[in-house]
Amino acid sequence: MATRTLPLSKRGFTFEVFMWAFTRFTVIAMYGLMLAGILGALSLSAQTGANFGDILYWAFFPNLAENPLGQVWMTILAKLMVIVFVLSACGHGVHGVLEILDDYFTSPSARRWSRNFIITYAVVASLIAMYVIWTK
Amino acid sequence: MGLKRDVSLSAALSYQGQGPYWTYILHRIGGSALFIFFTIYILALMGVQAASGILANWVFQLIFLPFMLFHAINGLRITILDLSPKLIEHYRTAINIEWVAYVLVVAFALFVVLSNAFGG
């Protein structure tokens, strides 16, 4: 099967191309952060003999988990990692949810309202998350 | 002027798009599940006890985890194919590999959830 691909240089730098690249690169950042979180939790679990459920809990919810290594885990680096993860997830999710909403809300006014709502949601959620993660 | 497509649910379900279509649909369902999860996560961060309770509930994990893992694994396939256009002609093979990986990962994840819920 012949494939048709257009080099990035010929696509132009439109909003769609930017959002395509943004969505791809934020998800790559999230995969990297997940891997780093799991490796961090694995290395810490070696000291306590925790089971794999605990390891996943520490990896994905380091700020919520009542883990015995909380003081070690919640370092500035861990906080920064969680903040970057939340911001990446939020940016990635906003574009994804907008694509879904655009498929169902087809009138211009409904699209404008759904767009305003989801962007406001993303900004507010990101600000709350950053504040709580940094100060907790 | 707004678009009007008039695609009924039965027409959508009977569409013969096969594997790629189902991965597309499941990716959207998984993304929506992640959006709900993200909202609950933010509430839990704010200290809402009910939200923390939902996240820790094994029934919630059992329902949401398969969809969220599908979104993550399917997203990885899409990213790899997008960033390596030469692989696009093998997209059906990629989908088959994705299903094998998904079944293994989700079986392990559900085993961990259930053993944590009932294993003590």
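Data table
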item	result
Average partner coverage of A:104-111, which counts Cβ from other chains inside 10 Å	2
Global form of the protein assembly as shown, assessed from the alpha-carbon gyration tensor, a/c cut-off 1.5	prolate
Inverse mean reciprocal Cα-Cα distance (Kirkwood Rh) of region B:17-118, Å	14.9 Å
Proxy reagent accessibility, fewest Cβ within 10 Å first, across A:D54, A:D102	A:D102, A:D54
Sorted by Cβ density within 10 Å, fewest first, the residues B:D82, A:D103	A:D103, B:D82
Least to most buried among B:T23, A:T26, B:T39, B:T79 (fewest other Cβ within 10 Å first)	B:T39, B:T79, A:T26, B:T23
Relative counts (whole %) of C-alpha pair distances in region A:16-135, using bins that are 5 Å wide	2, 11, 18, 18, 16, 12, 9, 7, 4, 2, 1, 0
Exercise: per-residue mean of other protein chain Cβ atoms within 10 Å, B:39-46	5
Peptide B:64-73, shielding by other chains (average Cβ, 10 Å cutoff)	1
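Values quoted throughout were computed directly from the atomic coordinates according to the rules given, and no laboratory measurement underlies them. Computed from a predicted model, the values in this text were never measured in an experiment. All Cβ positions, glycine included, derive from the backbone under ideal geometry; neighbour counts span all protein chains shown.
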